[in-house]
Amino acid sequence: MTPNREIKRIARENLNGHYMNFVPAQLIVSLLPSLVLLPFSLLLPGTMSLLQSLIFLLAYIIVFLLSVVLSAGYLFLHLCVARQKAYRFADLFRCFRERPDSYLLGTLLLLLYLLPFILAAALVLGLSIVFGSQTENPLLIVLGVIVYIVILIFMIMFSLYYAMYLPILVDDPNQSVRAALKESRRIMTGRRKQLFLLYLSFIGWYLLGLLSLAIGFLWIYPYILQSFVVFYQDASGQSSFAQP
């Protein structure tokens, strides 16, 4: 396994000379879904009827799914940079033309895999709050919160098995979604801890982004995603990186 420190170094080198392309791309990926959803938010009154709530929920789901396809296109740009291949800014939208249903189905299947964890965590937290309030026993609430956090940690570690399904599909849009999920689980077996620690290593950058009123994320997110792409290349055996 290539150490995370080396993965991040390679990611920084890959991005040299490309930030002027990735900053506007990151801006589009971040803001476009919100701008599409904005008209639905403005048209809704303070108190929504059931029908209005359902319309807003449907719009939110559609925008979320569209953002998944847009994110796949953004990932394609990062893969091109990591492989030193030519790309165009228009490639950001290429995944809308190449089997966008595969990216949507993959995301829906992953959410389905995580649904038992989500329901269990919500149930534990809800019951602990209800019974803790009724019995005036704060220890029940504290215990419920602890169990809730433990379930979320298990969910995160489980989801890391399938963290590579999106770049696998971007690499081969004709591959079946189930095959991509299976391949992701294969290459992530024994590597989940490393990817988890890679994500944790960006906590300081996240804090810096918050201090910059989120403006810094236009440069931070490309760095994080390029590191993820380098990790994917290493995990899938596509590249061997020389140590400095």
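The values are calculated or read from the model by the stated rules, or taken from the named source; none is laboratory data. Small disclaimer: the values here were computed from a predicted structure and weren't measured. FYI the Cβ positions are ideal-geometry reconstructions off the backbone, even for glycines, and counts take in every protein chain you see. Ligands, DNA and RNA are excluded from the accessible area calculation, which covers all protein heavy atoms including side chains. Shrake-Rupley method; radii C 1.70, N 1.55, O 1.52, S 1.80 Å.
The residue among Gly216, Ala72, Phe154 whose Cα reaches farthest toward the positive pole of the charge dipole of the chain, with charges on the beta-carbon of Lys, Arg, Asp and Glu, is Ala72. Remark: region 148-157, residue by residue, has Karplus-estimated 3J(HN,Hα) of 4, 5, 4, 4, 5, 5, 4, 5, 4, 5 Hz, where x stands for each Gly or Pro and the curve is 6.51 cos²θ - 1.76 cosθ + 1.60 at θ = phi - 60°. Taking all protein chains as present, what is the carbon and sulfur share of the accessible area of region 22-176, in % to the nearest whole number, probe 1.4 Å? Carbon and sulfur atoms account for 76 percent of the accessible area of region 22-176. In this Cβ point-charge picture (+1 for Lys and Arg, -1 for Asp and Glu), region 1-116 has a dipole of about 400 debye about its Cα centre. Close amide H partners of Met164, meaning residues 5 or more places away or on another chain with modelled amide H under 5 Å apart, do not exist here. Estimated from helical segments only, the mean residue ellipticity of the chain at 222 nm is -25500 deg cm²/dmol, where each DSSP H run of four or more residues counts as -39500 (n - 2.57).
When the residues Met157, Met1 are ordered by accessible surface, computed with a 1.4 Å probe over the protein chains alone, the sequence from largest down reads Met1, Met157.
Within the shell of other residues whose beta carbon sits under 10 angstrom from the beta carbon of Gln238, the net charge comes to -1, with Lys and Arg scored +1 and Asp and Glu -1. For region 1-134, with equal point scatterers placed on the C-alpha atoms only and solvent neglected, what are the log10 I(q)/I(0) values from the Debye formula at q = 0.09, 0.10, 0.14, 0.15 1/Å, to two decimals? Here log10 of I(q) over I(0) equals -0.45, -0.55, -0.91, -0.98. The charge dipole of the chain, taken about its Cα centre with unit charges on the Cβ atoms of Lys, Arg (+1), Asp and Glu (-1) only, comes to about 540 debye. In the context of the full set of protein chains, region 1-144 has a per residue accessible area of 60 Å² (1.4 Å probe). Within the set (i) 131; (ii) 173; (iii) 143, the number that volume of the Cα convex hull per residue in Å³ takes when calculated for this structure is listed as (ii).
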